[in-house]
Structure formats: C-alpha cells, structure tokens
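J.: The structure is given below, and queries will be raised subsequently.
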Amino acid sequence: MKRWRFLLGLACSSAWNRRGTLCLVVFSIALSTTLLLGMERVRTQVRENFMQSVSGTDLIVGARGSELQLLLYAVFHMGKASNNMGWDSAQRIAQRKDVAWTIPVSLGDSHKGFAVVATTTDFFTRYQYRRHAALQFATGRPFEGIFDVVLGAEVAAREHYKPGDRIVLSHGDGNSLLAQHADKPFTVCGILAHTGTPVDRGLYISLAAMEAIHIDWQGGAPVPGFHVRPDQVTKFNLTPKNVTAVLVGLKSRSRVFAAQREINADQQEALMGVMPGVALDQLWTLLRSGENALRVLSWLVTAAGLAGLVATILAGLGERRRELAVLRAAGASPWDIVALLSLESLLLVLAGALTGAAFMAALLLVFSPMLASVYGLSLALTCPTAAEWQLLAGILAAGFLAGLIPAWRAYRISLADGLNAST
C-alpha cells in the first residue's frame, strides 16, 4: 500500500511539472466526455419526453392509414393527417360501454407556426402527461365563448400574450396573408402551465369555433361574395362534420386489445385504433440507426482524445528517459515504471472525465431553459443515470488501456540506455 501511495504521489508530481502540455490533453478528454455524455442525455431525455407526452390515453383513433403518422399528428402536431374521421364515428366510439372518456381533436389551422387544436373542455381535465399529471392553468380559465382561445405556455411566452389579448388564426400553415381568419379574431382567455410537452406549443379552441371560422370558406379559400360576421355565426349549425382523431380512455385497460380490434373492424367507417406506447416504440425503432450513428461518432471523438493522450505521453518519454533510469537505479522495478505511467494516464483521464461531466452540468444549467422554451426539449439537471455512469467507467477503462501503450514503451527502455551520455 505504501508503494502504491508513493507511486501515486510521484505520478501527481510528474504530471504537475508538465501541467502546461497535459492541461491541453485533459481539456481534449473533457470535451470528448462532454460530447459523449451530452449525446446520451439528449437521447434519453428526448425519448422520455416523447414517451411522457401522453399518459393515461389507451387508444388514439383516426382514419385508417399510418399508425405512426396518426400519433405524430394527433399528439405531437407534426406532419399532416392523411384523412379525417367522421363526427358520427367519434360519437359512436364515445358511446361504447367500455369507454370511460373521449377527447376529440381537430387540427389544420395555425398561428405564427404553432398548431391550433380544436377540442372540448374535457381536454383540460382528461388529458394527462408524465405519469398521469393533469394540465394546470397558469392564469385564466378554459374557453367558454366561441371565440375564446387557450394558449400553451410556450406560445404565450414567445409571443408575450396575456389574457384579454386578441389574436388572429390562420388557415393551414398560414404562409399567406389571404389565409388568415382576420375577420374573426379570438380573445385569449387562459394560459396553461408549462408541461415540457407538445401541449406547450398549441392554441386550443372549441370544435364549434373551428366550424365558425370556416363557415364562409370552401376548398381552403374564402367563398367569393359570402361573408359571415362573428356575431352571426351562432345562427348556423356549428356541429363538426369530422375530426382529426379521438383520444380514448377505457374503463379497464384489459380491454385495450379487444377495443382496438373492434374499432379496426368497424363496418361504418375505415378507422384505426393506435396504442400510443406501441406506436412510440415503432418510432424509436426507426430512429435506432440514427442513435447508433451518434453513439459511434461520440466514441470516435473520445478515441481521438485518448489518442492525443497516448501521443503526448509517448512524445515525452524521450525527455523522461533519464528520470526513468534514475528511478530504476534507485530500486524501482520495471513493473513500477509500468504502474507509474499507467497511473499518470489514468489520472489524466479521470481529470478529463470529471471536467467533462462538470462541463455538461454547466451547459444543462445554462441552456436548459432556452431548449425548453424554443424547442420544447426538457433536459433536467439530475445526477448521472446508470447509463452515464457506465459511459464514464468505459472512458476510464479505455484511458487505462490506452495508457498501457506508453507504459509498455517505458518498460522496454533499458537502464543502460537511460544512463548513456549520448542520450
């Protein structure tokens, strides 16, 4: 034990004497570690955010087509729905004996790049995320009037909206001024609390409101010569003809497979029931190759940092020949020399790994709020996960093995070569 303490102190002293060069090596390893841990944290947090965006919903029902496309559009507001389902079918599903609740959603309009979601007030009481967490209002209330709108937290924060502000929705993606529903503005009645899910990036209106703003529209454009004022919309039938999807909660989760099978076999309309968890697994299966590519890239960067460590120590062996020869003459065995060089490498890798972990924590602390507000990506500053501890252990193991290369080279330096005056 005393011998190991002596070698450890000697390794620290030797490294300190060459601190200028070795600090660059530590910095290189720290950057590699930051990238590797950052990739792992982003990968796991993105997956967790996706998985926790909807909780307690047993089925998502929509027109028959791609399961993944329906999930992405209905929950994450990404892409476009291949088709809508009839309102009669939505009501028929709600009346099933095994169904506890339903949330119809209708999409297609937008506001400054944010999706407009037409739904019912059940959305604010039934929709859950992150292990059955319920939606909360930061301020205001659910919509009551036809032209009331509830904003997600990110929408309100980015556009600086508050209750009482008036906003104009746009038809489709809103790329054209002609697509705006400027004649029927909405009033902000409430703002939802931050959830870290796609809910934050939505504007929520009633299904009747979605029908009202399209009364005098046809084929994606206003009907020439026909205009309905906001105070006249209640004279029309505002019952929706179709919706994009219906989120379904069952009375018993044991009925989910039977309910899905029966909905898929519906004879009145070609429908499709999607289990969110299964569809998300399909999504991550598609993204697995990308995940693996990011992992390989991160390890290649780490390997480059370790190669720099080996090169630096090997380059310094020529200058340290006399030092190593003196140690041999003082009684150090060849294996003591191997241990000394290995300890130096391990200490450098340990310092780089710890510095890299600190870098990543600092980056999360600084940029997490921005990522949450701009991209809706919640990256929490937490203790390292089991996978991250494994990565750190892998970096240390790789560093130790890499350090054996210069250690073996030092082992082969003979005493006579070190004491030779010609060197």
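J.: Go over the candidates GLN232, GLN268 one by one and state the one that is over 29 Å from TYR129 (Cβ atoms) and touching a residue at least 12 places away in the same chain (Cβ under 8 Å). I'd like the intermediate steps shown before the answer.
T.: On the way: GLN232 fails: touching a residue at least 12 places away in the same chain (Cβ under 8 Å).
Of the residues listed, the single one that is over 29 Å from TYR129 (Cβ atoms) and touching a residue at least 12 places away in the same chain (Cβ under 8 Å) is GLN268.
J.: Which of (1) assigned to a helix (DSSP H, G or I); (2) modelled with pLDDT under 70 is the odd one out, the single condition GLY376 does not satisfy?
T.: The single condition GLY376 does not satisfy is (1).
J.: Find the strands (runs of 3 or more DSSP E) located wholly in the stretch 198-278 whose residues include 2 or more that are out of contact with any helix residue (DSSP H, G or I) (no Cβ under 8 Å at 6 or more places or on another chain), and list them. Working first, answer last.
T.: Working: elements: 202-206, 245-250, 271-274.
Here the list reads 202-206.
J.: Specify the residue that is modelled with the lowest pLDDT; the eligible residues are those in the stretch 123-170 that are in contact with an Asp or Glu (Cβ under 7 Å, 6 or more places away or on another chain) and either farther than 20 Å from PRO369 by Cβ or not acidic (Asp, Glu) (or both).
T.: Step one: filter the stretch 123-170 for residues in contact with an Asp or Glu (Cβ under 7 Å, 6 or more places away or on another chain), giving 152-154, 169-170.
Remaining after also requiring either farther than 20 Å from PRO369 by Cβ or not acidic (Asp, Glu) (or both): 152-153, 169-170.
Values: GLY152: 94, ALA153: 91, LEU169: 92, SER170: 88.
Residue satisfying both the conditions and the ranking: SER170.
J.: Turning to a different aspect of this structure: Mind telling me which of the residues ALA221, ALA311, ALA293, ALA304 ends up being modelled with pLDDT under 90, closer than 30 Å to PHE27 by Cβ and exposed (fewer than 13 other Cβ atoms within 10 Å of the Cβ)?
T.: Residue meeting the stated conditions: ALA293.
J.: Given the structure, is ARG166 among the basic types (Lys, Arg) and within 19 Å of GLN232 (Cβ to Cβ)?
T.: yes
J.: Out of the residues in the stretch 387-403 that are within 29 Å of the chain's Cα centre (by Cα) and in contact (Cβ under 8 Å) with a residue 12 or more places away in the chain, state the one that is surrounded by the most Cβ atoms within 10 Å (Cβ to Cβ).
T.: ILE395
J.: Still on this structure, I have one more. Of the conditions (1) free of Cβ contacts under 8 Å to residues at least 24 places away in the same chain; (2) among the basic types (Lys, Arg); (3) in contact with a Cys (Cβ under 9 Å, 6 or more places away or on another chain), ARG166 fails just one. Which one is it?
T.: Here ARG166 meets the rest and fails (3).
J.: Identify all residues within the stretch 146-170 that are surrounded by fewer than 23 Cβ atoms within 10 Å (Cβ to Cβ) and β-branched (Val, Ile, Thr); write none if there are none.
T.: Within the stretch 146-170, ILE146, ILE167, VAL168 qualify.
J.: Every residue in the stretch 70-92 that is touching a residue at least 40 places away in the same chain (Cβ under 8 Å) and over 24 Å from THR197 (Cβ atoms), please.
T.: Hits for the stretch 70-92 are GLY86, TRP87, ASP88, SER89, ARG92.
J.: Is it the case, given these coordinates, that LEU340 is modelled with pLDDT under 80 and either within 33 Å of the chain's Cα centre (by Cα) or closer than 17 Å to LEU35 by Cβ (or both)? Can you show your working first?
T.: Details: modelled with pLDDT under 80: yes; either within 33 Å of the chain's Cα centre (by Cα) or closer than 17 Å to LEU35 by Cβ (or both): no.
Criteria not met by LEU340.
J.: Can you work out which of the residues in the stretch 257-274 that are hydrophobic (A, V, I, L, M, F, W, C) and closer than 17 Å to ALA90 by Cα is surrounded by the fewest Cβ atoms within 10 Å (Cβ to Cβ)?
T.: So in the stretch 257-274, the residues hydrophobic (A, V, I, L, M, F, W, C) come out as 257-259, 263, 265, 270-272, 274.
Adding the requirement that they be closer than 17 Å to ALA90 by Cα leaves 259, 263, 265, 270-272, 274.
On the way: ALA259: 23, ILE263: 21, ALA265: 8, ALA270: 13, LEU271: 21, MET272: 20, VAL274: 27.
Among those that are hydrophobic (A, V, I, L, M, F, W, C) and closer than 17 Å to ALA90 by Cα, it is ALA265.
The values are calculated or read from the model by the stated rules, or taken from the named source; none is laboratory data. Here the structure is a predicted model, which is why all the values come from computation and not from measurement. Using ideal geometry, Cβ is built from the backbone for each residue, glycine included, and neighbour counts are taken over all protein chains shown.
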